[in-house]
Structures are given as structure tokens and as C-alpha cells.
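Report on the structure given below.
Please treat every number below as a calculation from the coordinates, not as lab data. Quantities reported herein were computed from a predicted structural model and do not represent experimental measurements. A quick note on method: Cβ atoms are made from the backbone with ideal geometry, for glycine too, and the neighbour counts reach across all protein chains shown.
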Amino acid sequence: MQTRTRDRALEELYRRAVAAREEFPTALPPYRTLPQPLVASGFERGAKLNVDLFFDFLRSGITPTEDDTREIVEIAVGRVRDGEPLEEVLGRYRAGAEHIWQRLRDAASTTERELLADAALPLLHYVTVVTTRIATAYVQRVHDPRWELLERRRTIADALLTGHDPIEWADEPAIAVPDAFLVAVFRLSSARIADTSELRHRIEAIPGVFLRLDSGGWTALLPLQPGDDGTATAGSLASRLPMLPSGQTAQIVSRANPPAPFWVGVSMARTRAEVPEVFAEARLLAELGRCLDRPQVVCRRADLMFEYTVAAGGSARAGLAAVLAPLDTQPLLAETLEVFVDTGFNQLATARLLNIHRNTVTYRLARVHELTGLDPHRPTDAMTLSAARIARRLESASFAP
């Protein structure tokens with residue numbers, strides 16, 4: 001193959017590889033099960049570095065040096081440190097290479113297919129070099145006492161959250177495991193956050209915390225001091241978290257302010273045996289915060305009793321959500337009902353916020369009654385509409401406690 005023809009074909013393959021790389025978050029199972037901010041902060045950066053470095057290797061034939069792969073290795077080892085199994089981190093290289101390779105083969109011309117055939121062995125060499133360096137770095141890190149401590153504490157967290165005896169699971173029984181915990185489940189928003197490590201470091205810095213990464217963010221077990229009903233520990237946790245912009249209230253979220261970057265559901269376990277049940281409650285609360293775009297990042301059951309009841313309804317949620325289906329083609333009516341509920345069923349406040357006459361609000365609410373069969377002015381119907389509104393938002397946001 002002539003050099004100029006090869007170079008053009010290589011650049012075209014690189015362009016399509018970049019496009020295939022962008023499909024990772026939705027196309028590959030390891031990415032679909034992780035929160036988008038984590039994907040953006042680590043995996044997408046790693047994927048970009050790998051594609052660029054591999055094509056540089058194809059062009060030059062020179063194996064990447066350890067300095068060349070240093071950032072790639074640090075990203076991968078960081079994922080293991082967060083709690084991902086090493087085999088999953090390394091397996092992502094195989095899955096990613098297969099995905100890109102298949103995309104390139106499907107659209108390749110005859111010339112490009114020849115180039116791909118020649119690139120098969122270099123690809124195998126590249127993946128082997130990178131995964132070997134990641135595995136080597138991991139082995140070196142696990143002998144670090146701080147790393148070992150994190151691993152042991154993560155093992156204890158897994159035991160507590162699954163209802164097992166943490167002492168039996170722990171390699172080092174000298175780690176103190178208290179009887180009572182505040183269980184805090186963090187859920188990250190769908191917004192693309194540049195780096196989530198600061199938030200994780202804030203949580204890790206809490207004395208005595210047991211922390212683990214999960215599919216939506218993190219779960220932290222914070223020891224409760226004698227006499228603390230969870231209020232003091234929850235307050236201490238809140239003081240360590242980044243603050244939201246001022247001016248937002250629980251009832252009305254200002255559209256001028258950005259959404260919260262994360263939410264944390266908190267619930268208290270008085271004994272170790274209660275941890276799994278309390279963990280489920282905290283997950284549900286954190287998901288409520290995420291799905292409802294709640295302005296307060298700390299979500300307690302006492303503050304979300306009505307929403308919690310709707311969310312815990314299971315199969316009934318879909319039926320409730322369907323109550324508002326007649327408004328799907330009536331955005332003005334849906335918006336008016338939304339604001340009416342948010343303002344505590346106050347027509348004057350609704351008219352003011354929507355910049356319309358009060359009579360217009362009355363007319364629109366009458367139309368809501370006509371289409372749904374539920375009168376927003378009747379207490380029982382208003383409760384049903386409020387529950388349906390919550391259920392609709394949970395369903396549309398893929399509520400998954």
C-alpha cells in the first residue's frame with residue numbers, strides 16, 4: 001500500500017474510531033451501569049487517550065513509553081481504588097477494543113480492510129502493554145498500607161450492607177466497627193461533572209467512615225456517637241459537602257440556578273442488623289432527590305414523607321403516572337398544574353409566577369378537571385394529582401433505588 005494512500009486511510013479510520021469512542025457510555029454494559037459524571041470524569045478521558053495513543057503507535061511503530069501511558073494507568077488504578085474490581089477495569093479494554101474494531105470493519109473500504117488486518121497484531125500488542133502496566137501498578141499499590149486500609153474498610157462496608165458479620169469478612173479484625181450508623185447514599189446528577197474525586201475525598205475524610213462505590217455514586221456508613229439520633233452526624237456530613245447556590249426553596253426551584261450536582265439520602269441504623277433495610281431506604285431517598293431535582297442535597301424521610309410513599313408504591317407508580325397522560329398534549333395545562341401544586345394550591349401565586357391573569361388559571365384548572373376527571377380544588381383529587389405528578393417525574397427519570 002502506498003504511503004500516501006495508507007496515511008489517508010489511517011486518518012479516516014482514526015476519525016471513525018473517535019466517533020465509535022463517543023458511543024461507549026450507551027453502547028457498552030460497563031459504562032451503562034455507572035453514573036454519567038464518573039464516566040465523564042475518568043472513562044471518557046481514558047478512552048480518548050487510548051485511541052489517540054494507539055493510532056500514534058500505528059503511525060510510528062514505536063511502543064508507547066511508560067510516560068506515555070502514565071495518565072491512562074492512573075485513571076484505571078483510580079477506578080480500582082474507588083471500588084471497581086480490577087478484572088472489570090481490565091475487561092473494559094477488551095470490550096472497548098472490540099466495539100471500535102467492529103465499527104471500523106463494518107464501514108471499511110477494501111483499502112481500509114487491508115490496513116485493519118495489518119493493525120490486528122499492533123492492537124493486541126498495545127492492549128497487552130497497557131493492561132500489563134495497569135496490573136503492575138495495581139500490585140505495587142496494594143502493598144501501600146493506606147491502600148490496604150481502604151480495601152479492608154470497603155470489605156467491611158460490603159458485609160454490613162449485605163447483612164453479614166463484618167468481623168468475619170475483615171482481614172484485620174482490629175478495625176473498630178460500631179453498632180450504629182448513619183447510612184448515606186450519594187446519587188450523582190446526569191450533568192457532566194469534570195471531576196468527582198473532590199466529593200469522594202470529602203466523604204473519605206470523615207473519621208471512621210466505611211465507603212464503597214456503587215452503580216449510582218457512593219454509599220457511606222458514618223459511625224454514630226452514643227446519644228446521637230442521627231441529627232448531629234447528618235449535620236456534620238452536610239457541613240462537609242459543597243453548598244448549593246442560595247435562593248432555592250423546597251417548594252419552588254429557581255430556573256436561574258443550576259441543578260444540584262448530587263443528592264444524598266440519609267437514614268439511621270440503630271444496630272448492624274438494621275443496616276441493609278436502612279440502606280434500601282437511603283437509596284430510595286437519594287433517588288427521590290435525583291429524580292425530582294430537589295434543591296436540598298440532603299434527603300431525609302421526614303422531609304419527603306409524601307414523595308416517599310409514592311416512590312415506595314412499586315407497580316402502582318405506573319398507574320399513578322398515567323393519570324396525567326391526558327395533559328401530554330396540553331403543555332400549558334401541565335405547566336399550570338405543576339406551578340399550582342408547587343405554590344401550595346395558591347391560584348394568585350400561580351398567576352403571578354406564570355405572568356397570567358387569575359381567571360386564566362381558573363380556566364386552565366377547570367380544563368385539567370375536564371381532561372383528567374380530577375378537580376385540583378378538591379383535597380382528595382388534589383392529593384391524587386400531586387401523587388401522579390411525582391410518579392410521572394420518577395418514571396421519566398428512570399427511578400431506580
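For the range 316-396, the residue among 344, 331, 316 whose Cα projects farthest onto the positive side of the dipole built from Cβ charges is 344. Using Cα-Cα distances under 8 Å and only pairs 6 or more residues apart, what relative contact order does the range 318-371 have, in percent? The normalised contact order for the range 318-371 reaches 33 percent.
By DSSP, the beta bridges lying fully in the chain are antiparallel in about 90 percent of cases. Here the range 316-396 is treated with +1 on each Lys and Arg Cβ and -1 on each Asp and Glu Cβ, and its dipole about the Cα centre works out to around 120 debye. With helices as the sole contributors, the chain gives -18500 deg cm²/dmol at 222 nm; each DSSP H run of n ≥ 4 counts as -39500 (n - 2.57), and the sum is divided by every residue. Sequence-ordered 3J(HN,Hα) estimates for the range 351-367 from the Karplus curve with 6.51, -1.76 and 1.60 and θ = phi - 60° stand at 4, 5, 5, 8, 6, 10, 6, 4, 5, 5, 4, 4, 5, 5, 5, 5, 5 Hz, glycine and proline given as x. Of 384, 360, the sequence from fewest to most neighbouring Cβ atoms within 10 angstrom is 360, 384. Once C-alpha pairs closer than 8 Å and six or more residues apart are averaged by separation and normalised to the residue number of the chain, the relative contact order reads 14 percent.
Going by neighbour counts of Cβ atoms within 10 Å, the residues 75, 175, 156, 167 line up, fewest first, as 167, 175, 75, 156. Exposure proxy shown here: for 291, 299, the number of other Cβ atoms within 10 Å sets the order, fewest to most, as 291, 299.
Would you be so kind as to identify which of 132, 374, 147 lies farthest towards the positive end of the dipole of the chain, taking Lys and Arg as +1 and Asp and Glu as -1 on Cβ and the Cα centre as origin? Most positive-ward Cα: 374. Charge dipole (Cα centre; +1 on Lys/Arg Cβ, -1 on Asp/Glu Cβ; no other charges) of the range 3-142 amounts to roughly 120 debye.
Dipole magnitude for the chain: about 1020 debye, using +1 per Lys or Arg Cβ and -1 per Asp or Glu Cβ, origin at the Cα centre.
Rounded to whole Å, give me the distance from the Cα center of the range 314-358 to that of the range 121-189. So the separation of the two Cα centres works out to 46 Å.
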